[in-house]
Amino acid sequence: MNSSPTQPLLQQAADRAQRYLRDLPERHVAPLPSALEALKGFRRALPDSPTAPEAVLAELDEIGSPATVASGGPRYFGFVVGGSLPVTTAANWLAAAWDQNAAMKVLSPVAACLEEVTMGWLIELFGLPAGCGAGFVSGASQANFTALAAARHSILARQGWDVEARGLYGAPELKVVVSDEIHATVLKALSLLGLGRERLFRVPVDGQGRLRMDALPLLDDSTLVCVQAGNVNTGSSDLFAEICARAKPAGAWVHVDGAFGLWAAASPAKRRVVDGVVEADSWAVDAHKWLNTPYDGAIAFCRDPESMRAAMSLNAAYLMVSDEREPCHYVPELSRRARGVEIWAALRSLGRLGVAELIERSCRHATRLAEGLRSAGFTVLNEVALNQVLVSFGDDEATRRVIAGIQEEGTLWCGGTVWQGHTAMRISVSSWATSDADVERCIAAIVAIARALKKRDFKCGR
């Protein structure tokens, strides 16, 4: 039997990918300057004639692979970026070969089935209300957008207004309450939904970035409250139980941006950090962060699936939608890839205990990094509630120099932030691949770089 012409090419791709993954743990985390310079090799005119697929693959690997950020490795601590569990990488390859359009059951029965199974597992894992609706989207940006669209529909429907049919012209006004630490993706979603960024009621926060209950305004049934599980700087979460206790009697809708922090609900040891989160009305969570699936994948949940469906559904005579759950009725897209495949694979592989252990291990690593750097004389600016650590190395300029030195040295990668007026280095531990040995190696590297820069500054009279 003759082999498919695709087989040799796929074998080459597998060989190259395996070599990349094998070398990932020990490579320089940021691309070297020579690799960035080599990217010029891609900048050429579109060729007139075809190029052999093997040559295309070789060019992609030989120029492209060195210029990647090693964010899938064990010592990347920037931007709350997880790696990819081996089973999810393999599932991703298989899903790419399937090339399924996950819009409707008729287009991909397997994609629709895996989404249904996975949403049930996640609802149970997080302790969300049975019967929630869910949509599989690209990331927390789209998950927030989807859930907030459901909120907009529900609030205006109670006022007798069909926003999907009539738009916002002449609609009753919504009151949108957010904290001063609300994530930029929520602000973007609100602006895309026509609710604006400047007409929001902003609530001040405490020293850990939690919405201050004493500053929460009067809530009513035209109010949308946006809260946060896992502050992107400190890892802390808003006081959901107290907020929902105020919101529910008033008829207000509570939405939780839980991009990474909602995963704490899956850990018996960390569930207290998000106490009361299940009392909200909608939730957004990423899979490509703490569940460690490949990009991209996230889920929007809604207590009232009909509000979600009303905000997102579409139909046309040719689409052949069924009376059963159709994935396209719960997300902004029609055509999209089968994102549920990798999420299903991660959950099936890890199980309930494995998910909890993944979350708790990352938190232990963050705690150890904070302890090690504090012991070395540096200032940790936050209470380490989950997997985020904020570190100051003196004044703002000294901290910026240390961050730049760490990024250049290459053992690890951490980004910078500004936290309540102070420049800080932000450590986000999210990868399954990070080991105890990686943590100790990183502490040693950070301390050595910071001390060397301090010694140099002293000699220079700074």
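The values are calculated or read from the model by the stated rules, or taken from the named source; none is laboratory data. Treat the numbers as computed from the prediction; the structure is a model and nothing was measured. Glycine gets a Cβ as well: all are built from the backbone with ideal geometry, and neighbour counts include every protein chain shown.
For region 267-288, filtered to residues that are among the hydrophobic types (A, V, I, L, M, F, W, C) and surrounded by fewer than 24 Cβ atoms within 10 Å (Cβ to Cβ), the residue that is nearest to A151 (Cα to Cα) is V278. The residues on offer are D396, D438, and the sole one that is among the charged types (D, E, K, R), crowded, with 19+ Cβ neighbours inside 10 Å and not assigned by TED's automatic domain parsing to the domain that holds F126 is D438. Exactly one residue among A143, A157, A151, A165 is in contact with a Phe, Trp or Tyr (Cβ under 6 Å, 6 or more places away or on another chain) and outside the structural domain of H422 (by TED's automatic domain parsing), and that residue is A151. Within region 312-320, can one find any residue that is under 20 Å from G83 (Cα atoms) and in a helix (DSSP H, G or I)? No: region 312-320 contains no residue that is under 20 Å from G83 (Cα atoms) and in a helix (DSSP H, G or I). Can you pull out every residue in region 267-311 that is β-branched (V, I, T) and in contact with a Phe, Trp or Tyr (Cβ under 8 Å, 6 or more places away or on another chain)? Selection gives V274, V277, V278, V285, I299.
Per-residue answers, yes or no, for (1) closer than 24 Å to S349 by Cβ; (2) surrounded by fewer than 16 Cβ atoms within 10 Å (Cβ to Cβ); (3) at pLDDT 95 or above; (4) aliphatic (A, V, I, L, M):
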{"site": "P31", "(1), (2), (3), (4)": "no, no, yes, no"}
{"site": "L46", "(1), (2), (3), (4)": "no, yes, yes, yes"}
{"site": "A52", "(1), (2), (3), (4)": "no, yes, yes, yes"}
{"site": "I63", "(1), (2), (3), (4)": "no, yes, yes, yes"}
{"site": "P66", "(1), (2), (3), (4)": "no, no, yes, no"}
{"site": "P86", "(1), (2), (3), (4)": "yes, yes, yes, no"}
{"site": "S108", "(1), (2), (3), (4)": "yes, no, yes, no"}
{"site": "A112", "(1), (2), (3), (4)": "yes, no, yes, yes"}
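Yes/no matrix, rows are residues, columns are (1) assigned by TED's automatic domain parsing to the domain that holds C132; (2) touching a residue at least 40 places away in the same chain (Cβ under 8 Å); (3) not β-branched (V, I, T):
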| site | (1), (2), (3) |
| --- | --- |
| L219 | yes, yes, yes |
| L239 | yes, no, yes |
| V274 | yes, yes, no |
| W283 | yes, yes, yes |
| P294 | yes, yes, yes |
| A316 | yes, no, yes |
| L319 | yes, yes, yes |
| P332 | yes, yes, yes |
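Determine whether E324 is in the same structural domain as L148 (by TED's automatic domain parsing), surrounded by 20 or more Cβ atoms within 10 Å (Cβ to Cβ) and not aromatic (F, W, Y). When the stated conditions are applied, E324 does not pass them. Filtering region 56-106 to residues that are of a type in the set (V, I, T) and not in a loop (DSSP other than H, G, I, E, B) leaves V56, I63, V87, T88, T89.
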